[in-house]
Amino acid sequence: MFEVVKEMDKVTPKDILDSLDAAKNRQQVFKAKESAGKSGSFFFFSFDKRFLVKTMNNAELAVFIDCLPEYVLFLRKNHDSMIARIYGIYTVQMEDITPVHLLLMSNAA
């Protein structure tokens, strides 16, 4: 996915790692908010406000994975589209805790 991102927005893996540095984002994580939407997901902005990290439930993950080929094709053909740029979806799993899916996207604000 990073290769596609580089082509679209010139966002590199280093850009993402820098923006999501744990030490720099400590305060942001504690400011996480619950979405007003039906899913009740939580989200926070990276310290530099460049990215948004949002939790996803299993159903949202399944829909996105199903739509991924069309999403990538659309963005390759429509570089100037206002559609949200999604840079990755990650699953965090720790012992004795239910896995959490995280969506990393551009901040459209």
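Residues whose amide H lies under 5 Å from that of residue 85, counting only those 5 or more places away or on a different chain, are 106; hydrogens are built 1.01 Å from N in the peptide plane. Let me know the shape class of region 46-94, please: from the alpha-carbon gyration tensor, a ≥ b ≥ c as square roots of the eigenvalues, rounded when a/c is under 1.5, otherwise prolate if a/b is greater than b/c, or oblate. Taking the square roots of the gyration eigenvalues as a ≥ b ≥ c, region 46-94 is oblate. In order along region 47-54, the Karplus-derived 3J(HN,Hα) couplings, from 6.51 cos²θ - 1.76 cosθ + 1.60 at θ = phi - 60°, round to 4, 8, 6, 7, 10, 10, 10, 9 Hz, and Gly and Pro are given as x. Proximity of backbone amide H atoms, modeled 1.01 Å from N, is registered between residue 41 and 35 at under 5 Å, excluding neighbours fewer than 5 places apart on the same chain.
Ligands, DNA and RNA left out, the 1.4 Å accessible surface of region 38-109 is 64% carbon and sulfur atoms.
The values are calculated or read from the model by the stated rules, or taken from the named source; none is laboratory data. On a predicted model such as this, the values are computed, not experimentally measured, just so you know. Keep in mind that these areas ignore ligands, DNA and RNA; they rest on the heavy atoms of the full protein, side chains included. Shrake-Rupley method; radii C 1.70, N 1.55, O 1.52, S 1.80 Å.
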